[in-house]
Amino acid sequence: MIEAVGLTKRYGPSTAVEDLSFTVRPGVVTGFLGPNGAGKSTTMRMILGLDAPSAGAVTVNGRRYADHPAPLREVGAMLEARAAHGGRSAFHHLSALAATHGIPRARVEEVVDLVGLRAVAHRRVGGFSLGMGQRLGIANALLGDPATLVLDEPVNGLDPEGVLWIRTLLTSLAAEGRTVLVSSHLMSEMALTAERLIVIGRGRLIADTSVEEFTRGASGRTVRVRTPEAARLGRLLAELGARISGGDRPDVIEVAGADSERIGRLAADHGVPLCELTPQQASLEEAFMELTRDAVEYQSPPRRPRPESRPESRPEPVEEPA
Ligand SMILES: Nc1ncnc2c1ncn2[C@@H]1O[C@H](COP(=O)(O)OP(=O)(O)OP(=O)(O)O)[C@@H](O)[C@H]1O
C-alpha cells in the first residue's frame, strides 16, 4: 500500500506537486495519469526516496522508502528504462544488482525468463532496442520479488505485442496481491490495464476513481440527431436550454444538455421527422483531455470549427410542400 498525505514538492518558485493525498491499494493495477509536466515523475521519485518532499509525506507499507531495511525487496521501480550500463550484458547487470542485495542467482535466471530476455541476456545492453530496454527495466523492478511496484511509463515506445505483454504482466502481478502503480499519459491504454485511476494536473489531484466510474462519467453526454429539419429542431432545443453544435453533415446536430428521450418527444410534439437519435459515448481519451484541459502545461492553439459545420451558418433546410 502506498499512502501520500499532503505531498508537496517545490523547485524554487515553481510547485511541481501540491498537497497531493492518495492511497494505492494492493490487488489491483492503479493508473497514474496526467498530462506532460503534471508531476507524475516527481511524485514517483518522492515515493522512492529519490526526492525529498517540501511538505507532506509518502509511505510504502507504512514506512518511508529509506526506512525499509531492504527497499529493493519491498518496492520495485522503473523510472528510467535505460538505467543500465551500455557495456554490460543484461545478465551481468541484473547479477550485479542482485549481489548487492543478497538476492540469489536463481532469481536472476527467473526474471530473465519472466520478461522474455533469455535469448539476448548475454548481449550488450547498449545494443538493445527500446522494447528490450523496457523489459530489462521491468526485470530490474521484479528482481527483489517486491510487494509493491512503481513503474513510470512502462509501455512507452513498445510495439503492440510488447504493450499486450506489459498489460498481462501487470494484471497478473496485481492478482498476486501486489500493489502496482503505473504512470502513463495515455488514458486509453490505462483503461485497458488499470482498475483504479489517480489523475493529476499541475501537481494537484484531479480524480481518484475506478476506471468503471470514469467510463460511466464519460459516456452519454451528447446526442447525435439526424433530421431534415435540423435547424428548426436545433432552435426548439436551444429554447429549452440545450446546447447545439454542428454535426459531420448538414442534416446532423450534436445536442448536449438533453437526453434522447427528451429530444424524441420534443421532435414528435412539433412534427419533426427523426432519421437518427444516437447517444454519443465520449472516448476515454476525450474525457481525460476534458478533465485535464486546464492543467495542461503546453497547449496547442484551439482548433477553430469549420464555418460550414456551425449550425447558425447552415442554410435553413427547405421543407417539402405537403
Ligand atoms: N529537478 C527539477 N527542477 C525544476 N523543475 C522540475 C524538476 N523536475 C521537475 N520539474 C518541474 O516539475 C513539473 C512536473 O514535472 P514531472 O516530470 O514530475 O511531470 P510528469 O507528469 O512526469 O511529466 P511527463 O509526462 O512529461 O514526464 C514540471 O513543470 C517540471 O518542469
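The values are calculated or read from the model by the stated rules, or taken from the named source; none is laboratory data. Computed from a predicted model, the values in this text were never measured in an experiment. Virtual Cβ from ideal backbone geometry, glycine too; neighbours counted across all protein chains shown.
Considering each of 174, 139, 191 in turn, give the residue that is of a type in the set (A, V, I, L, M, F, W, C) and at pLDDT 95 or above.
Being of a type in the set (A, V, I, L, M, F, W, C) and at pLDDT 95 or above holds for just one of 174, 139, 191, which is 174.
If only one of 250, 321, 317, 302 is at pLDDT 90 or above and part of a loop (DSSP other than H, G, I, E, B), which one is it?
The conditions single out 250.
Answer yes or no: is there a residue in the stretch 197-215 that is out of contact with any Asp or Glu (no Cβ under 8 Å at 6 or more places or on another chain), closer than 20 Å to residue 154 by Cα and either more than 16 Å from the ligand (Cβ to nearest atom) or in contact (Cβ under 8 Å) with a residue 12 or more places away in the chain (or both).
yes
Starting from residues that are among the charged types (D, E, K, R) and more than 7 Å from the ligand (Cβ to nearest atom), keep the ones in the stretch 1-46 and report whichever is nearest to residue 209 (Cα to Cα).
Among those residues, the one meeting the criterion is 25.
Consider only pairs whose beta carbons are under 7 Å apart and that are at least six residues apart or on different chains; among these, list those whose first residue lies in the stretch 24-50 and is within 18 Å of residue 284 (Cα to Cα) and whose second residue is of a type in the set (Lys, Arg) and within 8 Å of the ligand (Cβ to nearest atom).
32/40; 34/40
Has the stretch 127-147 got at least one residue that is out of contact with any Pro (no Cβ under 6 Å at 6 or more places or on another chain) and assigned to a strand (DSSP E or B)?
Checked the stretch 127-147: no residue is out of contact with any Pro (no Cβ under 6 Å at 6 or more places or on another chain) and assigned to a strand (DSSP E or B).
Can you tell me how many residues within the stretch 5-38 are within 21 Å of the chain's Cα centre (by Cα), closer than 19 Å to residue 56 by Cα and among the β-branched types (Val, Ile, Thr)?
Looking only at that region, the number is 3.
Let me spell it out: the conditions are (1) in contact (Cβ under 8 Å) with a residue 40 or more places away in the chain; (2) surrounded by fewer than 23 Cβ atoms within 10 Å (Cβ to Cβ); (3) over 19 Å from the mean Cα position of the chain (by Cα), and residue 60 meets all of them except one. Which number is the exception?
Every condition holds for residue 60 apart from (2).
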